[in-house]
Amino acid sequence: MDYSIHPTAIADEGAQIGADTRIWHWTHICAGARIGRGCSLGQGVYVGNRVRIGDRVKIQNNVSVYDNVTLEDDVFCGPSMVFTNVYNPRSAISRKDDYRNTLVRRGATLGANCTIVCGIEIGAHAFIGAGALVNRDCPPFALMLGVPARQVGWMSRFGERLVLPLTGDGECVCPHTGEHYRLGDGALALLETSDTKELRKDD
């Protein structure tokens, strides 16, 4: 076994867990789950059968990742944030055939106590603020706040707010990494250059 799991945690037979992943107290991973390398799953985490988790994903305490949720590489799930997989649940009516897919793209941050309504896509490196309620797709690099969440700005890959308008055209440089961003046609893009480097993943 090339991952670490606390004695109180349960990983059902059949679950696939990547190397160097750490699983902490009272966590339950179902048999069909697929978890990548270098992840951290905090206390009281639940991972359903039809869940795919990429590499270096951090899931903080008391988060349930239900069926039909996919987390790409480098996603951060803050403490007690919430996923759903049924849009209109009723206790008396089974809707297991009506699960909606939720996709969280690479590098996105889901802040503490936020809620992600099922059936949407969170764009790469988007940043969902603490306590936000997200019920629609979010573009890459978007900063989303409020209930329901609305876009209030743009975030760099490093996790710093960029000095750019919501719409129109513009360019900005992240002061921490030197990466260049360009806004146009309502979308923000990271300009790929020969000196663009991967962010450090040592914390």
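General remarks:
- Model label points for D97 and A130, set 7 angstrom from Cα along the Cα-to-Cβ axis, are 4.3 nm apart.
- Between region 134-198 and region 70-113, the alpha-carbon center distance in angstrom: 23 Å
- Note on E171 and R150: the extension gain reaches 5.4 nm, defined as 0.36 nm multiplied by sequence separation minus the Cα-Cα distance.
- Two-decimal ratio, region 94-154, of alpha-carbon radius of gyration to 2.2 N^0.38 Å: 1.09
- Each of the peptides 157-170, 23-36 was scored by the mean count of other Cβ atoms within 10 Å over its residues; in descending order, highest first, they stand as 23-36, 157-170.
- Extension gain (nm, one decimal) between I10 and E160, 0.36 nm per residue minus Cα-Cα: 50.4 nm
- On the basis of the beta-carbon distance and an R0 of 30 Å, S80 and D185 show a calculated FRET efficiency of 0.25.
- In percent, rounded to a whole number, the relative contact order of region 88-203 is 14, using alpha-carbon pairs under 8 Å and six or more apart.
- Using all pairs of distinct alpha-carbon atoms, the Kirkwood hydrodynamic radius of the chain works out to 17.6 angstrom.
- Sorting the segments 181-189, 68-76, 86-94 by their mean number of nearby beta carbons within 10 angstrom, highest to lowest, gives 68-76, 181-189, 86-94.
Computed from the coordinates by the stated procedures, all read-outs in this text should not be read as laboratory data. Everything numeric in this text was worked out from a predicted model, so none of it was measured. Every residue, glycine among them, receives a Cβ derived from its backbone with ideal geometry; neighbour counts consider all protein chains shown.
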